[in-house]
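Following: one structure in structure tokens, then a few remarks.
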Amino acid sequence: MPSPSTVSDRPAPSLRQVLVRDFVLRCSIGVHAHELIAKQRIRLNLKLDVAESPTPIGDHLANVVCYDEIIVAVRRIVDAGHVRLIETLAERIADLTLADPRVRKVSVQIEKLDVYEDVGSVGIAIERINFLPYST
């Protein structure tokens, strides 16, 4: 195990943020009887803090975290079946993104858009940190 001085002597990794904003999709979610019958609209926002490699990107998709792959995977999670709690869905999405060791932190915000007539949305936000070591 490195000594504390060795760890602090390392330069902090550079981070890039990958964003998915205002992703609206229909989801089977909720605990109430009417929520078991029909899908409802949710809005998803993601912010991923991604460790940058010292190697240049070189304009190659393989060298970055691809937002298209994230969107496709989120759709698969949402389409997999009914979820009772919005918190459960957020955790599944966070786990999905953190499976990539380059993702150091993820913020997941999910809102139900049609719950109340007089409220724009209700929802939750979580942040999860990847404590596994990442070497560039």
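The values are calculated or read from the model by the stated rules, or taken from the named source; none is laboratory data. As the structure is a computational prediction, the values presented were derived from the model and not from experiment. Don't worry about glycine lacking a Cβ; one is built from the backbone with ideal geometry, like all the others, and counts go over all protein chains shown.
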A careful count of residues in region 101-136 that are buried (at least 17 other Cβ atoms within 10 Å of the Cβ) and in a loop (DSSP other than H, G, I, E, B) gives 2
Looking only at region 108-135, which residues are of a type in the set (Gly, Ala, Ser) and more than 15 Å from residue 51 (Cα to Cα)?
-> 120, 121, 123, 125
Search region 111-136 for residues that are farther than 23 Å from residue 89 by Cβ and pair each with any residue that is among the hydrophobic types (A, V, I, L, M, F, W, C) and surrounded by 11 or more Cβ atoms within 10 Å (Cβ to Cβ) when their beta-carbon atoms are under 8 Å apart and the residues are at least 6 apart or on different chains.
-> 134/51; 136/51
Regarding residue 41, is this residue outside any loop (DSSP other than H, G, I, E, B) and in contact (Cβ under 8 Å) with a residue 60 or more places away in the chain?
-> yes
Residues being part of a helix (DSSP H, G or I) and either in contact with a helix residue (DSSP H, G or I) (Cβ under 9 Å, 6 or more places away or on another chain) or touching a residue at least 40 places away in the same chain (Cβ under 8 Å) (or both) - total across region 77-99 = 8
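Looking at region 50-70, is at least one residue over 19 Å from residue 27 (Cβ atoms) and part of a strand (DSSP E or B)?
yes
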Sole residue being surrounded by 11 or more Cβ atoms within 10 Å (Cβ to Cβ) and closer than 25 Å to residue 131 by Cα, chosen from 78, 65 | 65
Check whether at least one residue in region 30-37 is touching a strand residue (DSSP E or B) at 6+ places or on another chain (Cβ under 6 Å), without any contact (Cβ under 8 Å) to a residue 60 or more places away in the chain and surrounded by 15 or more Cβ atoms within 10 Å (Cβ to Cβ), and report yes or no.
-> no
Per the filter on region 117-134, residues modelled with pLDDT under 95 and touching a strand residue (DSSP E or B) at 6+ places or on another chain (Cβ under 7 Å) are 130, 134
